[in-house]
Amino acid sequence: MNNKIRCGWVKLSNPIYVSYHDNEWGKPLHDDRELFELFSLETQASGLSWLSVLKKREGYREAFERFDLQKVAAYGEDDIERIFASGLTIKSRPKITAIIENAKRFAKIVEEFGSINSYFWNKVEGKSIVNNIPDYKTAATHTQISDEITRDLKKRGFKFIGSVTIYAFMQACGMVDDHENGCFCKNH
């Protein structure tokens, strides 16, 4: 496992991080449920490490019914209280509420664009943008595309987002490939 060359941000001592990097990060993701989950988790990372969120991912899946968009969009105050009290998620009422509010907005995006996948992937013409990243420290934290998506989502009422969060989502779901050039996961 540790003899492969990976991006410099991967903490090799943490198997959760290694697995996430090797099997998920930067791989094109097109399933609406999985995109909704990933987007929701990215909003939870605000002010925290991504590893903190990854460690609670199974708890989020349980609390939010595996991120079933229609079910989450229908949640009310009782559900917020249930999730907050469960201890399964990061204890932040505004962040829990944001997932529910964002689900309602994603339901409208599905009506308008046909899917969450279409909404996001149309922004990159359906294919990953492969960036030249000699060192992860030189990678962008936001781009014109993430700025545009952020402006549009904010107009639609999405919560706990900014261009850096959207760009992190784009990296995670493979809309951009920001693996370091020497990483075995790089799509050359």
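Mind checking whether some residue in region 57-79 is part of a helix (DSSP H, G or I), of a type in the set (Val, Ile, Thr), surrounded by fewer than 20 Cβ atoms within 10 Å (Cβ to Cβ) and without any contact (Cβ under 8 Å) to a residue 40 or more places away in the chain?
Scanning region 57-79, I find no residue that is part of a helix (DSSP H, G or I), of a type in the set (Val, Ile, Thr), surrounded by fewer than 20 Cβ atoms within 10 Å (Cβ to Cβ) and without any contact (Cβ under 8 Å) to a residue 40 or more places away in the chain, so the answer is no.
Find all pairs meeting these conditions: Cβ atoms under 8 angstrom apart; at least six residues apart or on different chains; first residue within region 8-23 and in contact (Cβ under 8 Å) with a residue 40 or more places away in the chain and open to solvent by 20 Å² or more (accessible area, probe 1.4 Å); second residue in a loop (DSSP other than H, G, I, E, B) and of a type outside the set (D, E, K, R).
22/185
Look through region 117-134, keep the residues that are open to solvent by 40 Å² or more (accessible area, probe 1.4 Å) and more than 14 Å from residue 185 (Cα to Cα), and return whichever of them is farthest from the chain's Cα centre (by Cα).
Of everything passing the filter in region 117-134, 125 is farthest from the chain's Cα centre (by Cα).
For residue 108, are the conditions met, namely being at pLDDT 95 or above and over 16 Å from residue 35 (Cβ atoms)? Spell out how you get there, then give the answer.
On the way: at pLDDT 95 or above: yes; over 16 Å from residue 35 (Cβ atoms): no.
Spelling it out, it is not the case that residue 108 is at pLDDT 95 or above and over 16 Å from residue 35 (Cβ atoms).
So, in region 135-150, exactly how many residues are open to solvent by 20 Å² or more (accessible area, probe 1.4 Å), without any contact (Cβ under 8 Å) to a residue 24 or more places away in the chain and within 15 Å of residue 169 (Cα to Cα)?
Qualifying residue count, region 135-150: 2.
So, in region 109-123, how many residues would count as being touching a residue at least 24 places away in the same chain (Cβ under 8 Å) and either of a type in the set (D, E, K, R) or within 16 Å of residue 179 (Cβ to Cβ) (or both)?
Going through region 109-123 one residue at a time, the tally reaches 1.
Inside region 80-109, can you point out the residues that are surrounded by fewer than 19 Cβ atoms within 10 Å (Cβ to Cβ) and within 15 Å of residue 156 (Cβ to Cβ)?
Residues satisfying the conditions are 101, 104, 105, 107, 108.
Please enumerate the residues belonging to region 24-50 that are surrounded by fewer than 14 Cβ atoms within 10 Å (Cβ to Cβ) and over 22 Å from residue 163 (Cβ atoms).
The answer is 31, 33.
Here is a list of conditions, (1) surrounded by 17 or more Cβ atoms within 10 Å (Cβ to Cβ); (2) more than 23 Å from residue 7 (Cβ to Cβ), and residue 171 meets all of them except one; can you say which number that is?
Among (1) surrounded by 17 or more Cβ atoms within 10 Å (Cβ to Cβ); (2) more than 23 Å from residue 7 (Cβ to Cβ), residue 171 violates only (2).
The values are calculated or read from the model by the stated rules, or taken from the named source; none is laboratory data. Nothing here was measured: the structure is a model prediction, and the numbers come from that model. In this analysis, Cβ positions are derived from the backbone assuming ideal geometry, glycine residues included, and neighbour counts consider all displayed protein chains. We work out accessible area using only protein heavy atoms, side chains counted, and drop any ligands, DNA or RNA first. Shrake-Rupley method; radii C 1.70, N 1.55, O 1.52, S 1.80 Å.
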